[in-house]
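Some notes on the structure that comes next.
The values are calculated or read from the model by the stated rules, or taken from the named source; none is laboratory data. Being a predicted model, the structure only gives us computed values, none of them experimental. A quick note on method: Cβ atoms are made from the backbone with ideal geometry, for glycine too, and the neighbour counts reach across all protein chains shown. We work out accessible area using only protein heavy atoms, side chains counted, and drop any ligands, DNA or RNA first. Shrake-Rupley method; radii C 1.70, N 1.55, O 1.52, S 1.80 Å.
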Amino acid sequence: MTSASPTIAALATAPTAGAVGILRLSGPDALEVGRLLAPGVPAEPTPRHAYLATFVDAHGRALDEGLFLYFRAPASFTGEDVVELQAHGSPRLLRLLLARALEDARVRPAAPGEFTRRAFLNGRMDLTRAEAVADLVAADSEAAVRAAAAGLSGVLASRVRGLEEPLRELHADLEGVLNFPDEAEGADAEAGARVAALKAQAEALLAEAGRGRLVRRGARVALYGPVNAGKSTLFNRLVGEARAIVDDEPGTTRDALEAKVEWDGLGVTLFDTAGLREAPGRIEALGIARTRELLAGVDLAVLVLPPEATEAEAESWIREAGATPVLVVDGKCDVTGAQGRDAGELSGPVPGGSSGMEGLRPRVSGLTGAGVEALRASMLGRLWGGGTPSAVALVSERHADALRRAAEALSRAEAASRASTLEVVSGEVGLALESLGEVSGTSVSEALLDAIFQRFCIGK
Ligand SMILES: Nc1nc2c(ncn2[C@@H]2O[C@H](COP(=O)(O)OP(=O)(O)OP(=O)(O)O)[C@@H](O)[C@H]2O)c(=O)[nH]1
Ligand SMILES: [Mg+2]
């Protein structure tokens with residue numbers, strides 16, 4: 001894969017004006033082509049040394065002055081010879097430099113993610129780390145940056161390896177018993193138990209996909225409930241500015257409003273919805289349809305109840321959220337004060353709430369700010385359920401899909417270890433291994449690589 005691939009070139013920086021713009025070349029002819037643009041650089045430059053160089057056009061006329069860096073194969077990002085020209089960040093100038101590099105017949109433009117793809121193909125990084133590069137570039141919250149950095153340092157890679165290696169050993173043992181029954185006698189003794197343990201491990205990793213999704217795209221949280229409950233006032237408090245209009249006229253908020261915040265490094269999109277007039281079930285069709293649609297798409301629905309709401313009403317509101325977890329909040333607690341709901345009601349289980357959430361309902365006042373910090377903490381707790389966002393293994397949908405198939409194959413292998421032949425067990429273990437290989441990259445097709453690297457930007 002190395003010497004045969006052509007030299008590629010791309011701008012590694014965004015096509016906007018900036019202090020510095022970088023042209024990157026990778027491949028066997030990177031140094032020669034780079035030196036066409038910077039003829040002052042010695043024919044055998046010291047690797048990783050920053051040369052101050054004049055960049056020239058085809059007629060040798062100076063275009064800019066900048067730094068020339070050479071990374072000799074295989075000690076480079078891609079594992080090939082790499083040259084970076086760091087020029088001034090003028091988009092027009094950079095396009096001239098790129099065009100000049102591409103004039104050389106040995107060079108072609110890089111496809112999106114092609115530098116990282118070559119790094120993967122040349123064994124410089126496994127697939128989870130290559131994908132972490134794209135996650136890092138796309139990260140738009142602190143948690144996303146930290147989680148991507150953890151992926152880059154191999155957190156996910158080592159957990160996948162921890163699953164892949166024993167699975168490969170198991171497969172080898174089973175195949176050994178099948179092919180050389182005499183020599184390998186007894187190697188399949190614990191097959192059922194080993195399969196079960198590996199299945200549990202695959203499922204544990206799979207369970208982190210939800211958190212990965214939260215970190216990547218941020219959490220979505222909607223405030224909803226009866227009209228005039230104080231949703232917009234609370235929304236403004238949570239957002240930290242007066243975004244929503246507040247009025248004592250019921251029905252003030254007509255359309256859902258959204259605002260982006262960052263809590264404990266986690267990106268959160270908060271929605272304020274139009275209050276619904278009647279007890280749900282009798283509400284005018286349009287309003288409830290819109291709210292239901294929104295509630296179905298969020299990670300957490302926060303039901304804001306006014307002091308006068310009854311438990312029966314609370315329960316029917318909770319049903320409106322469908323499968324979305326609901327956090328029930330008693331609003332306007334400055335009004336209810338100490339003689340709010342009695343203790344029995346307060347400590348009752350939250351009907352319809354997922355994960356057996358029990359205990360006190362947060363009491364808040366959007367007006368005074370009382371209880372708002374505690375509410376924020378409860379919301380994060382419900383979204384996150386312990387741990388810190390930055391420590392998560394960034395399991396993507398692609399990884400989750402492969403892990404699910406691996407876990408399913410192991411599940412069938414487990415059943416087969418009790419009721420079927422060793423051939424069947426070994427076949428399923430082999431399938432699990434193959435699915436898992438798609439995560440780390442030990443078994444990937446060109447088509448899968450295309451799909452993965454498509455989401456990269458050019459120059460990465
Ligand atoms: N005492 C008290 N009044 C509040 C509190 N929150 C809101 N209010 C008042 O209640 C009224 C309605 O507040 P909003 O925040 O507009 O309520 P809403 O739920 O967004 O109302 P709609 O958008 O009409 O459904 C306003 O007069 C607010 O000043 C609170 O915590 N305590
Ligand atoms: Mg409102």
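Quick notes on this one:
- Checking each residue in region 422-460 for being open to solvent by 50 Å² or more (accessible area, probe 1.4 Å) and at pLDDT 90 or above picks out GLU423, VAL424, LEU431, GLU434.
- Restricting ARG124, ARG159, ARG92, ARG100 to those that are in the same structural domain as LEU63 (by TED's automatic domain parsing) and either outside any helix (DSSP H, G or I) or in contact (Cβ under 8 Å) with a residue 12 or more places away in the chain (or both) reduces the list to ARG100.
- Against the numbered list (1) touching a residue at least 12 places away in the same chain (Cβ under 8 Å); (2) near ligand 2 (Cβ under 10 Å from one of its atoms), VAL195 comes up short only at (2).
- Of residues in region 311-332 being out of contact with any Leu (no Cβ under 9 Å at 6 or more places or on another chain) and farther than 14 Å from ARG361 by Cα, the one modelled with the lowest pLDDT: SER316
- Here the strands (runs of 3 or more DSSP E) wholly within region 1-84 that include at least 3 residues being in contact (Cβ under 8 Å) with a residue 12 or more places away in the chain and surrounded by fewer than 19 Cβ atoms within 10 Å (Cβ to Cβ) are 18-26, 51-56, 62-71.
- Residue-level check: of (1) within 16 Å of ligand 1 (Cβ to nearest atom); (2) of a type in the set (A, V, I, L, M, F, W, C); (3) outside any loop (DSSP other than H, G, I, E, B); (4) at pLDDT 90 or above, VAL335 misses just (4).
- Residue, farthest from ligand 1 (Cβ to nearest atom), within region 290-322, restricted to residues that are within 14 Å of ARG220 (Cβ to Cβ) and aliphatic (A, V, I, L, M): ALA296
- Pick from region 155-170, criterion out of contact with any Asp or Glu (no Cβ under 8 Å at 6 or more places or on another chain) and of a type in the set (Gly, Ala, Ser), ranking: modelled with the highest pLDDT: GLY162
- Counted residues, region 243-271 - those being open to solvent by less than 80 Å² (accessible area, probe 1.4 Å), outside any loop (DSSP other than H, G, I, E, B) and away from ligand 2 (no atom under 12 Å from the Cβ): 8
- Candidates ALA50, ALA58 - the one that is in contact with a helix residue (DSSP H, G or I) (Cβ under 8 Å, 6 or more places away or on another chain), more than 19 Å from GLU114 (Cα to Cα) and hydrophobic (A, V, I, L, M, F, W, C): ALA58
- Of all the numbered requirements in (1) surrounded by 14 or more Cβ atoms within 10 Å (Cβ to Cβ); (2) more than 16 Å from ligand 2 (Cβ to nearest atom); (3) part of a helix (DSSP H, G or I), ASP188 misses one, and that requirement is (3).
- Among residues of region 127-163, those that are farther than 25 Å from ALA219 by Cβ and buried (at least 21 other Cβ atoms within 10 Å of the Cβ), counted: 6
- Candidate set from region 232-250 (those that are over 30 Å from ALA149 (Cα atoms) and among the aliphatic types (A, V, I, L, M)); member that is farthest from ligand 1 (Cβ to nearest atom): ALA242
- Residue ID - farthest from ligand 2 (Cβ to nearest atom), chosen from residues in region 220-242 that are in a loop (DSSP other than H, G, I, E, B) and farther than 14 Å from GLU258 by Cβ: GLY240
- Region 199-231: number of residues that are more than 16 Å from ligand 1 (Cβ to nearest atom) and open to solvent by 10 Å² or more (accessible area, probe 1.4 Å): 15
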